[in-house]
Amino acid sequence: MKWITREQPRIDRIACPWLIKRFIDPAAEFIYVPFKEVKEKAQQLHAIPFDIPDVEFTHYKDNCTFDYFVKKYKIEDPAIHILAVIVRGADTDRHDLAVQAAGLWAISSGLAHISKNDHDLLEKGMLIYDALYHWAKFHQHEKHTQNPVDHILIEVFEKYLKQKSTSKKKPAWVKGLKDIIQDQVDTTITLKQLSKDVNIHPAYLSREFAKHFDNLSFGEYLRKLRIEKAIEYLDTSSYSLTKVAYLTGFSDQSHFSRIFKKHTGKNPSIYRKKLQKK
């Protein structure tokens, strides 16, 4: 069976092929082409399109394409259902759904950067999802800090951080971090990368971030800025929605539209018409 989707995969378009190969069709073949060519090539090659709008295998409401495959093929494995939440969180920028979602996005983005092409990325990604699946099936309740001494050290460190946080003065790094995020809001930025820019340990930055950024997590704050920037473009330019999505750091127009509607209650095109009327 042949499956076809758009090029430059990150999360869903690697996770779904892994699921198909491991649970649905071990002999499946995958084809990556430019977005505009997917449906045409699907007909020519007798392939099934997935993870694009207006096909069967796609996003439905808050669920991603991976979720639909699990439902369609009635995969009951509990580890797959755990993995599905992680994939959904990484694919839709809802890192609050699972603590592993941010890590999956970071690894996927890094793999894409070092891979020769989409199929090379798929080959590497298969190993990542094999590992994540086996973690979910056999190791999800284990902790890296199993030693009681480790827990004592962590407790002491947490108390130290709590004492430091009582200070009312805003740390010097907050303004610098805010400026960096504002400048790079249209790029792929991670908390780990930002921690290097301001010379702060990523674990500490992750803990302290919400205290200085409107009680929002890093992902929530970044999405808020991107939506605000998108509204500005919708109001002051005639850019297409695809270009607005690109200029505000979203992976594609479909992803942009979902997040925009979640924040504003309206899809971007309707929101633009409302602005124009005003």
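The values are calculated or read from the model by the stated rules, or taken from the named source; none is laboratory data. What you see is a predicted model; the values in this text were computed from it and never measured. FYI the Cβ positions are ideal-geometry reconstructions off the backbone, even for glycines, and counts take in every protein chain you see. Surface accessibility is based on the protein's heavy atoms, side chains included, excluding ligands, DNA and RNA. Shrake-Rupley method; radii C 1.70, N 1.55, O 1.52, S 1.80 Å.
Pairs linking a residue in segment 31-47 that is touching a residue at least 40 places away in the same chain (Cβ under 8 Å) and part of a helix (DSSP H, G or I) to a residue that is open to solvent by less than 70 Å² (accessible area, probe 1.4 Å) and among the charged types (D, E, K, R), with Cβ atoms under 7 Å and 6 or more positions apart or on different chains, are F35/R6.
With respect to being acidic (D, E) and either open to solvent by 50 Å² or more (accessible area, probe 1.4 Å) or part of a loop (DSSP other than H, G, I, E, B) (or both), D93 fits the description. Figure legend. Inter-residue proximity from segment 152-179: first residues at pLDDT below 75, second residues surrounded by 11 or more Cβ atoms within 10 Å (Cβ to Cβ) and part of a helix (DSSP H, G or I), beta-carbon distance below 8 Å, spacing 6+ or different chains. Indicated pairs: L161/Y204; L161/R207; L161/E208; S165/E208; S165/K211. Being touching a residue at least 40 places away in the same chain (Cβ under 8 Å), in contact with a Gly (Cβ under 8 Å, 6 or more places away or on another chain) and among the basic types (K, R) holds for only one residue in R226, R207, and it is R226.
Screening segment 66-82 for residues that are part of a loop (DSSP other than H, G, I, E, B) and open to solvent by 90 Å² or more (accessible area, probe 1.4 Å) and picking the one that is farthest from A98 (Cα to Cα) gives K74. The number of residues in segment 208-238 being closer than 18 Å to K261 by Cβ and either open to solvent by 20 Å² or more (accessible area, probe 1.4 Å) or under 17 Å from the mean Cα position of the chain (by Cα) (or both) comes to 14. With respect to K143, determine if the residue is open to solvent by 40 Å² or more (accessible area, probe 1.4 Å), within 29 Å of the chain's Cα centre (by Cα), under 26 Å from W105 (Cβ atoms) and at pLDDT below 80. Yes.
Among the residues making up segment 177-207, those that are closer than 29 Å to K243 by Cα, open to solvent by 30 Å² or more (accessible area, probe 1.4 Å) and in a helix (DSSP H, G or I) are K178, D179, I180, Q182, D183, L191, K192, Q193, D197. For segment 96-136, the tally of residues that are of a type outside the set (A, V, I, L, M), under 22 Å from A28 (Cβ atoms) and in a helix (DSSP H, G or I) stands at 11. What do you reckon, is S269 open to solvent by 40 Å² or more (accessible area, probe 1.4 Å), under 27 Å from C64 (Cβ atoms) and small (G, A, S)? Judged against the criteria, S269 is a match. Checked across segment 4-23, the condition of being polar (S, T, N, Q), under 19 Å from the mean Cα position of the chain (by Cα), in a strand (DSSP E or B) and closer than 23 Å to S108 by Cα holds for at least one residue.
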